[in-house]
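> Take this structure, written in structure tokens, and hold onto it; I'll ask about it next.
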Amino acid sequence: MAQPLNPPKTLKPQHLPIHDNHLNRSIPYFATAKPISKKLSTISVSVMADRNQHQQQPLSLDALIDGSRREELSGAIRSSLPNCLSETNLQLTVPGLQSKTRGKVRDIYDNGDYLVLVTTDRQSAFDRILASIPFKGQVLNETSLWWFDKTRHITPNAVVLAPDENVTIAKKCSVFPVEFVVRGFVTGSTDTSLWTVYKKGVRSYCGNALPEGLVKNQKLPQNILTPTTKAADHDVPVTPDEIIKSGLMSQADYEEASRKALSLFEYGQRVAQEHGLILVDTKYEFGKGLDGSILLIDEVHTPDSSRYWIAHSYEDRFQIGLEPENVDKEFLRLWFKDHCDPYKDKVLPDAPEELVCELAWRYIFLYETITKSEFKMPSTEEPIHDRISRKVALALSSLK
């Protein structure tokens, strides 16, 4: 029997108290869905004016936890839980697509001349799929497109066009098998995070000499690059010398990509600071185009690839030993670490519905905070897989 094109991820509601220790407060639940306006994508002038006035004040976690925008979107987020884009099969619905590669979050299709990248709602961490998050794919795709446009002065990228909210059509290039992870702070909870290795006594990491006496969440003396490469099913930290000696990249290509990564991160930090956020760390991927130029690919400064903190409260909280107010997926990572061994357990518990909805809101909040534009709810008149198939087919026809 044929599998459905977009099988929903079934989530088990859990109503026990869930606490985010890193905010020192309970994660606010999405209450029972309230009636939703028929025009979800339209926000009143008065509400928009109120939001603009609020954004002139220092960004605080109150804007994330309370507010009319959150309430406006909560019903749409909860009602979309059964309809997440968990899987695509465009090779069955779009003529000319030759193959499908399934990544952690993106489904990548080859049509011969271009790559079609579909950003799904799958949530990945610990080299596992944890859940599906409503609207996540659209947020990631549109956030990346915004940053791709804003960083053209630093590096060219592979974007050709974006025919759908969840889709980018890109130039084909030879992808370097290295992720350029840039860090500005000592933090993190995964096995390869800087704080995890630092507290184990590591003082030389990916070619960087780390000073003694650093504490968790402390700002580094300068941004550092901690590249990784892929093993069978996980990321492996590597030094620049290992990258070059093993033939993963030439020295010239590595040096150019490294300069681009550090410049992108410094620019991203400046933009984030202007918008009340701290860009803590992120990762970049690059490829070499047919003309030999090094292109930025994949995603840029998304809430999936990056860690963000609220800026104005960071220093005070750091000084008294409190965790920064975070606006990323770290709280979901920590929930799984508290409830299972996400690296070793064969079967993981279902992510609580409240946390899934919370993460969906945080992704939208970050998009709107960074881009200063309103997130547009997708139309529900057409099934999402049908919509993507139709728009991709039209776009590829226009590129012939």
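> Looking at Val280, Val238, Val300, which is the one that is touching a helix residue (DSSP H, G or I) at 6+ places or on another chain (Cβ under 7 Å), surrounded by 16 or more Cβ atoms within 10 Å (Cβ to Cβ) and modelled with pLDDT of 95 or more?
Going through Val280, Val238, Val300 in turn, just one is touching a helix residue (DSSP H, G or I) at 6+ places or on another chain (Cβ under 7 Å), surrounded by 16 or more Cβ atoms within 10 Å (Cβ to Cβ) and modelled with pLDDT of 95 or more: Val300.
> Working only within region 64-77, note down all residues that are surrounded by fewer than 21 Cβ atoms within 10 Å (Cβ to Cβ) and either in contact with a helix residue (DSSP H, G or I) (Cβ under 7 Å, 6 or more places away or on another chain) or not acidic (Asp, Glu) (or both).
Start the filter on region 64-77 by keeping residues that are surrounded by fewer than 21 Cβ atoms within 10 Å (Cβ to Cβ), which leaves 65-68, 70-72, 75-76.
Those that are surrounded by fewer than 21 Cβ atoms within 10 Å (Cβ to Cβ) and either in contact with a helix residue (DSSP H, G or I) (Cβ under 7 Å, 6 or more places away or on another chain) or not acidic (Asp, Glu) (or both): Ile65, Gly67, Ser68, Arg70, Gly75, Ala76.
Yes/no matrix, rows are residues, columns are (1) of a type in the set (Val, Ile, Thr); (2) under 17 Å from the mean Cα position of the chain (by Cα); (3) at pLDDT below 95:
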| position | (1), (2), (3) |
| --- | --- |
| Glu242 | no, no, no |
| Gly247 | no, no, no |
| Ala252 | no, no, no |
| Arg259 | no, no, no |
| Tyr284 | no, yes, no |
| Trp309 | no, yes, no |
| Glu315 | no, no, no |
| Asp328 | no, yes, yes |
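> Go through (1) open to solvent by 30 Å² or more (accessible area, probe 1.4 Å); (2) touching a residue at least 60 places away in the same chain (Cβ under 8 Å) and name the single condition Glu274 misses.
Going through the list (1) open to solvent by 30 Å² or more (accessible area, probe 1.4 Å); (2) touching a residue at least 60 places away in the same chain (Cβ under 8 Å), Glu274 breaks only (2).
> Can you name the residue in region 295-316 that is among the β-branched types (Val, Ile, Thr) and out of contact with any Pro (no Cβ under 8 Å at 6 or more places or on another chain) and is also farthest from Ala125 (Cα to Cα) among such residues? Reasoning before the result, please.
Restricting attention to region 295-316, the residues satisfying the condition of being among the β-branched types (Val, Ile, Thr) are 297, 300, 302, 310.
Narrowing the set further to residues that are out of contact with any Pro (no Cβ under 8 Å at 6 or more places or on another chain) leaves 297, 300, 302.
Working: Ile297: 20, Val300: 17, Thr302: 14 Å.
Among those that are among the β-branched types (Val, Ile, Thr) and out of contact with any Pro (no Cβ under 8 Å at 6 or more places or on another chain), it is Ile297.
> Condition first: surrounded by 15 or more Cβ atoms within 10 Å (Cβ to Cβ) and of a type in the set (Lys, Arg). Now tell me which residues in region 241-264 satisfy that.
Hit for region 241-264 is Lys260, nothing else.
> Now a separate question. Going by the conditions given, is Trp335 open to solvent by less than 30 Å² (accessible area, probe 1.4 Å), more than 18 Å from Thr143 (Cβ to Cβ), over 13 Å from the mean Cα position of the chain (by Cα) and aromatic (Phe, Trp, Tyr)?
Details: open to solvent by less than 30 Å² (accessible area, probe 1.4 Å): yes; more than 18 Å from Thr143 (Cβ to Cβ): yes; over 13 Å from the mean Cα position of the chain (by Cα): yes; aromatic (Phe, Trp, Tyr): yes.
Criteria met by Trp335.
> Another question, then. Could you say whether any residue in region 315-326 is open to solvent by less than 40 Å² (accessible area, probe 1.4 Å) and touching a helix residue (DSSP H, G or I) at 6+ places or on another chain (Cβ under 6 Å)?
Narrowing region 315-326 to residues open to solvent by less than 40 Å² (accessible area, probe 1.4 Å): 317, 324-326.
Retained after the next criterion (residues that are touching a helix residue (DSSP H, G or I) at 6+ places or on another chain (Cβ under 6 Å)): 324-325.
So far as region 315-326 goes, yes, one or more of its residues are open to solvent by less than 40 Å² (accessible area, probe 1.4 Å) and touching a helix residue (DSSP H, G or I) at 6+ places or on another chain (Cβ under 6 Å).
> Being out of contact with any helix residue (DSSP H, G or I) (no Cβ under 6 Å at 6 or more places or on another chain) and either at positive phi or not in a helix (DSSP H, G or I) (or both) is the requirement here; does Glu358 meet it? Working first, answer last.
Working: out of contact with any helix residue (DSSP H, G or I) (no Cβ under 6 Å at 6 or more places or on another chain): yes; either at positive phi or not in a helix (DSSP H, G or I) (or both): no.
Against the criterion (out of contact with any helix residue (DSSP H, G or I) (no Cβ under 6 Å at 6 or more places or on another chain) and either at positive phi or not in a helix (DSSP H, G or I) (or both)), Glu358 does not qualify.
> Give me the pairs: first residue in region 308-322 and in contact (Cβ under 8 Å) with a residue 12 or more places away in the chain, second residue in a helix (DSSP H, G or I) and among the aliphatic types (A, V, I, L, M), beta-carbon distance under 7 Å, and six or more apart or on different chains, which are they?
What qualifies is Tyr308/Ala272; Tyr308/Leu366; Ile310/Leu61.
> Residues in region 350-366: is at least one of a type in the set (Ser, Thr, Tyr) and out of contact with any Leu (no Cβ under 8 Å at 6 or more places or on another chain)?
Here is the first cut: in region 350-366, the residues of a type in the set (Ser, Thr, Tyr) are 363.
Then drop every residue that is not out of contact with any Leu (no Cβ under 8 Å at 6 or more places or on another chain), which leaves none.
No: region 350-366 contains no residue that is of a type in the set (Ser, Thr, Tyr) and out of contact with any Leu (no Cβ under 8 Å at 6 or more places or on another chain).
> Moving on to the next point. Within region 212-223, track down each residue that is open to solvent by 20 Å² or more (accessible area, probe 1.4 Å), in contact (Cβ under 8 Å) with a residue 24 or more places away in the chain and part of a strand (DSSP E or B).
Lys219, Asn223
The values are calculated or read from the model by the stated rules, or taken from the named source; none is laboratory data. Just so you know, these numbers come straight off a predicted model, no measurement behind them. Cβ atoms come from the backbone with ideal geometry, glycine included; neighbour counts cover every protein chain shown. Remember, those area values only see protein heavy atoms, side chains included, never the ligands or the DNA or RNA. Shrake-Rupley method; radii C 1.70, N 1.55, O 1.52, S 1.80 Å.
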